[in-house]
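Q: Would you mind keeping the following structure in view while I ask a few things?
Quick note: the coordinates plus some simple rules give every number you see, no bench work behind them. Since we're looking at a predicted model, the values are computed, not measured. Neighbour counts run over all protein chains shown; Cβ positions are idealised from the backbone, glycine included.
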Amino acid sequence: MTARQICRLAMGILSQTEEESEELMEFSPGWLTILCAESLGTENRIRRQRGEPVLNAPPLIGKADMDKELGYSEELCRIALAYGMAAFYYADDDNDYRAADYRARYVNALQEAEKAGFENIEDVYGEG
């Protein structure tokens, strides 16, 4: 998914369009960069589970990068990152209740993705 697509999903949560949210779009690259950094560990666990190479660093997103693919898994983008962006949007609107609600949804979505990404650990000591 692209950064713009994730932002549009989050704006849909607020019942807004991109055109109605020009001010939010100014801050969106920075907020999404933070969310990508926070969720890098989860993304890499998903990649290991799939046998894909891990990322060394999260993407740094600027205004010119909004229509580029992030390279993160679809399930992380469509759910967790969209909820995280909605939390930032609500915080910008001074709606602390909804900001906290969507931040919790974001964290929960990361945890759900982590459950799917648990790796088997080899018992090298033979204890069981």
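Q: Helix 22-38 versus the longest principal axis of the chain: what angle, 0 to 90°, nearest 10, using Cα atoms?
A: So the helix axis and the longest Cα principal axis differ by about 10 degrees.
Q: Quote the relative contact order of the chain in percent (integer), defining contacts as alpha-carbon pairs under 8 Å separated by 6+ residues.
A: The normalised contact order for the chain reaches 33 percent.
Q: What's the FRET efficiency of residue 124 with residue 55 using the Cβ-Cβ distance as r and R₀ = 30 Å, to the nearest 0.05?
A: Efficiency, from the Cβ-Cβ distance: 0.65.
Q: Using 0.36 nm per residue, how much length does the chain from residue 34 to residue 63 gain when fully extended, once their Cα-Cα distance is taken away? Can you show the working numbers first?
A: Working: separation 29, 0.36 × 29 = 10.44 nm, distance 1.44 nm.
Here the segment from residue 34 to residue 63 would lengthen by 9.0 nm.
Q: Could you tell me the convex hull volume per residue, in Å³, taken over the Cα atoms of the chain? Could the numbers behind the result be given before it?
A: Working: hull volume 14.3 nm³, N = 128.
It comes to 111 Å³ per residue, whole-number rounded.
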